Amino acid sequence: MVLAMSRPFKHPKTGVYWLRKRLPADIAELTGRSIITKTLGTKDPEEAKRKHAAALAALEFEWAQIRLRGRPSDPDGVANADFGDATRVITDREAHFLAKLVHDKWLADFHENPSEQFYWHTNLYEGMWTKYPLPQTEPIPGVEGIADADPGTIPIENILWKAMRTRCVETAQMILGENGFMDDEWSIHKTSRAVAAALQKASLTLQRLEGGDFGLEDDHAGLNPRQPKSSIDPADTKPRSSGALDTATTLTGLVESWWQESKAAGRKPSTYESYRNTIVYLVRFLKHDDASKVTMKDVVAFKDHRLATPSPKTGKRVSAKTVKTSTLSALKVVFDWGVKNGLVTHNPAANVTLRVAKQARLRSKSFTDVEATTILQGTLAHEQGRENPKTFGAKRWIPWLCAFTGARVGELAQLRKQDVSKHGDLWVIRITPEAGTVKTNEARQIPLHQQLIDLGFPTFVQESGDGHLFLNVGSSENPRGALRGLKNRLAEFGRTIVPDPNVAPNHGWRHRFKTIGMEAGIPPRILDAIQGQAPRTVADTYGEVTLKTMAGEIAKLPSYALAGLT
């Protein structure tokens, strides 16, 4: 239950405004406090109102988390907490956490064209232990003397090393300054190493991609610069007879040939990526790339290997459902296409199957009222800090858009400024394949709920620059890499608020929208049209669900009552 909104009160002696709030009974029982007071640090009444609303939102968010997780917390901690403390040295854990943004940005910048990164950071982290010396450490010849040396006598790798070391140090200083930590030499030293580790991890991933290795597993999680890019023995890729092996008869060539035709037929790039990853993983497992040599016994062994091998990234084994619907499906489709096009003589995966038991369902796939309210309250309490403005905007607005449109997170994450417009009295978003991947490959328009307008989403759009609202990509760039990263960050954000592993942190909104829509009496065909789901019958393909029709039904959805909102 959301309590009545309190107001800031003015201290009779100092004139400074304060927040005073009685805790809900259940929270008071858990925390042992009945009232919370906090200075707002201002004598200006308008500024006090803004700070009061923000503090209320933060408190309500914390209380909702306490209810969900069943553990007490210090209510003052939310409003008063800062990530950094300028009076202490940063810890290694904090340094690596803050350096993750460096990793994500480098990976996003070069994901589509990894060969364009100007330097492979394959030994950067290891070198930072010695090549970024502490005061008592002796300088390294050929690196420390670069500034005074004749450029023609300096090896290019030393010049690049100098530039990258400088980049790590400058980035470390920025991280420390932005997050309020001490910027002494030891803090800079350890944070520089964290930045180097982040750059090296991203660079090793890009090096793998540049070499054509698009496997599902992150082989570089251990930051081992000497790890080979592939376990394939080059001798195994050569034909027994003279002459080069025709690329169409290689496994990797087979999936590429399949994609050329499938792409023209309108198949999704995500399907290609999934199938290609499976083929690359199979080549690794077999230690050869000859499609004609693959037998049914090989496929069965590969299936068993996938089921038994934990992922290096998560430490968890792949589910039987994933192996059946992704791994085996990819092999069957690609080999079947190869047989029909005369590139291979048989499909070794044709009769390989996997029995999948129905998983126990422990709860609804939809967010509960409390979970939904908690996440939305969390968007109001979330502070930008070190985050990129577009990432911060995504965490602020995408959960609200999900709540009132039921659209897929990826569809909303790739919205552009021109995709939000006013049609008469209606504010409308346009989900279109022009902006990125849309599952149905069809554009659709969705009117905005009044609460989204009241919260200021149209104003946010109008004040944004041209192009994508939430993705850091140029107008000519493929947004797929950046979109994957943003969806992961949104999932992590949702999971910190609703930790239940039995509900998807992004997709739970899509199920909830259907549930709330049915409760509000919205007809199924209109719900499907809003969410971009395929027609249920041929009859549903006749006529059109107009903006006027959708707007009338969306207006039936109840607003969320949250602290700090009028």
Estimated inter-spin distance, Val339 and Glu29, nm [label 7 Å along Cα→Cβ]:
6.5 nm
Point-charge dipole on Cβ atoms (K/R +1, D/E -1) for the stretch 369-554, about Cα centre, debye to 20
420 debye
Theoretical FRET efficiency, 1/(1+(r/R0)^6), r = Cβ-Cβ of Ile526 and Glu434, R0 25 Å, to 0.05:
0.55
How much FRET efficiency would the formula 1/(1 + (r/R0)^6) give for Ala350 and Asp183, where r is the Cβ-Cβ distance and R0 is 41 Å, rounded to 0.05?
0.05
Cβ crowding within 10 Å averaged over residues, with 324-331, 499-506 ranked highest first:
324-331, 499-506
Which length gain, in nm to one decimal place, applies between Glu46 and Asp500 when the Cα-Cα distance is subtracted from 0.36 nm times their residue separation?
159.5 nm
Unit charges at the beta carbon, dipole of the stretch 340-436: most positive-side option, Gln384, Pro433, Ile398:
Pro433
Which order results if Arg7, Arg386 are arranged by neighbouring Cβ count within 10 Å, fewest first?
Arg7, Arg386
The extension gain from Leu426 to Asn113, computed as 0.36 nm times the residue separation minus the Cα-Cα distance, is 108.6 nm
Nearest 0.05, what FRET efficiency do Thr537 and Lys263 give at R0 = 25 Å with Cβ-Cβ as r?
0.25
With +1 assigned to the C-beta of every Lys and Arg and -1 to the C-beta of every Asp and Glu, and no other charges, what is the dipole magnitude of the stretch 275-405 about the Cα centre in debye, to the nearest 20?
320 debye
Fewest Cβ neighbours within 10 Å first, please rank Ile175, Ile497 accordingly.
Ile497, Ile175
Test of the criteria: in the stretch 402-462, which trypsin sites (Lys or Arg not before Pro) are in a DSSP loop and have at most 16 other Cβ atoms within 10 angstrom of their Cβ?
Lys439
Between the modelled labels at Gln462 and Met174 (7 Å from Cα along Cα→Cβ) the distance in nm is 3.2 nm
The farthest towards the positive end of the charge dipole of the stretch 369-554, of the residues Pro505, Ala372, Gly552, given +1 on Cβ of Lys and Arg and -1 on Cβ of Asp and Glu, is Pro505
What is the order of Leu471, Leu362, Leu380, fewest Cβ neighbours within 10 Å to most?
Leu362, Leu380, Leu471
Gain in length, Glu256 to Glu442, computed as 0.36 nm per residue apart minus the alpha-carbon separation, to one decimal in nm?
64.4 nm
Using label points projected 7 Å from each Cα along Cα→Cβ, tell me how many nm separate Met296 and Lys10, to one decimal.
8.7 nm
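Each value in this text was obtained by applying a stated rule to the coordinates, not by laboratory testing. Predicted model, so just to flag it, every value in this text is computed and none were measured. Positions of Cβ are generated from backbone atoms using ideal geometry, with glycine treated the same way; all protein chains shown enter the neighbour counts.
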